[in-house]
Amino acid sequence: MVTRSGTNRFRGSAFWYNRNSALDASNWFNNFNRTKKDFENRNQYGVRLGGPIVKNKTFFFFLVDEQRDILKQTFVGMVLTPQARQGMFRFFPAADNQNATQNNPSVDRSGNPVRSAGATGDLQSFSVFGRDPLRPGFDTSGWIQKVLGRMPQPNDYTIGDGLNTAGIRWTRRISGLDNFDGS
């Protein structure tokens, strides 16, 4: 390891670097999905100072380099559509379910069913309940309804299959401090 050599003069410097998304362009995915651009504000700053303790013998050097970030980023997760939460799964006969951005979509961007090319009939659905005598309906404990009730409603039909699964798009804030002690 090589360290700075000392000097009999006090020397130092300070710096500050700022990145702010107000000066950045939006990315392709945000433009395509018609969402706001991500927010980022990064401040990186530091100070260094060196000099003599005992002339020509002992020297010191001090350095601090810190970074603070605030980010707001768009995230997308997959959730069940309201019909799928009730056990009703939908499909067009002889066609694959495809989201609003696919070549042969089965829904529009608002989640409304669209008969896709190649479908041999109108929109159909089947219930997962009643086909199996051991599964006449939701579980009697109510646990499944509670879990499904906590799931957010979809607001993005550009992911999933559109008819049974779709996306939930939200913006989350991420704050961070990155300094010498790792916090």
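The values are calculated or read from the model by the stated rules, or taken from the named source; none is laboratory data. Since this is a predicted model, take the numbers as computed values, not measurements. With ideal geometry, Cβ positions are generated from the backbone for all residues, glycine too; neighbour counts draw on all protein chains shown.
Do you know which of the residues in the range 107-128 that are of a type in the set (S, T, N, Q) and part of a loop (DSSP other than H, G, I, E, B) is nearest to Asn33 (Cα to Cα)?
Ser110
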The range 96-123 residues that are within 16 Å of Pro154 (Cβ to Cβ), paired with ones that are among the charged types (D, E, K, R) and crowded, with 19+ Cβ neighbours inside 10 Å (beta carbon under 8 Å, 6 or more apart): Asn97/Arg90; Asn97/Asp161; Gln98/Asp161; Asn99/Asp161; Ser106/Asp161; Pro113/Arg90
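Report yes if some residue within the range 10-26 is touching a residue at least 40 places away in the same chain (Cβ under 8 Å) and more than 27 Å from Asn155 (Cα to Cα); otherwise report no. Working first, answer last.
Start the filter on the range 10-26 by keeping residues that are touching a residue at least 40 places away in the same chain (Cβ under 8 Å), which leaves 10-11.
If we keep only those that are more than 27 Å from Asn155 (Cα to Cα) as well, we get 10-11.
Yes, the range 10-26 contains a residue that is touching a residue at least 40 places away in the same chain (Cβ under 8 Å) and more than 27 Å from Asn155 (Cα to Cα).
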Selected residue (criterion: nearest to Leu148 (Cα to Cα)) from residues of the range 68-82 that are modelled with pLDDT under 90 and not charged (D, E, K, R): Val76
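Residue by residue through the range 36-66, note down the ones that are of a type in the set (D, E, K, R) and within 23 Å of Arg172 (Cα to Cα). Even if it seems obvious, please write down each step before you answer.
So the first thing to find is which residues in the range 36-66 are of a type in the set (D, E, K, R), and the list is 36-38, 40, 42, 48, 55, 57, 65-66.
Matches in the range 36-66: Lys36, Lys37, Asp38, Glu40, Arg42.
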Hits in the range 127-169 - residues which are exposed (fewer than 13 other Cβ atoms within 10 Å of the Cβ), at pLDDT 85 or above and touching a strand residue (DSSP E or B) at 6+ places or on another chain (Cβ under 6 Å): Met151, Pro152
Which numbered condition Ser183 misses (of (1) within 30 Å of Lys37 (Cβ to Cβ); (2) modelled with pLDDT of 85 or more): (2)
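Which ranges mark the strands (runs of 3 or more DSSP E) fully within the range 1-104 that have 2 or more residues being surrounded by 13 or more Cβ atoms within 10 Å (Cβ to Cβ)? Before the answer, list the steps.
On the way: elements: 11-20, 39-54, 58-80, 88-91.
The strands (runs of 3 or more DSSP E) meeting that bar are 39-54, 58-80, 88-91.
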Looking only at the range 105-118, and only at residues there that are surrounded by 12 or more Cβ atoms within 10 Å (Cβ to Cβ), more than 13 Å from Thr81 (Cα to Cα) and of a type in the set (Gly, Ala, Ser), the one that is modelled with the lowest pLDDT: Ser116
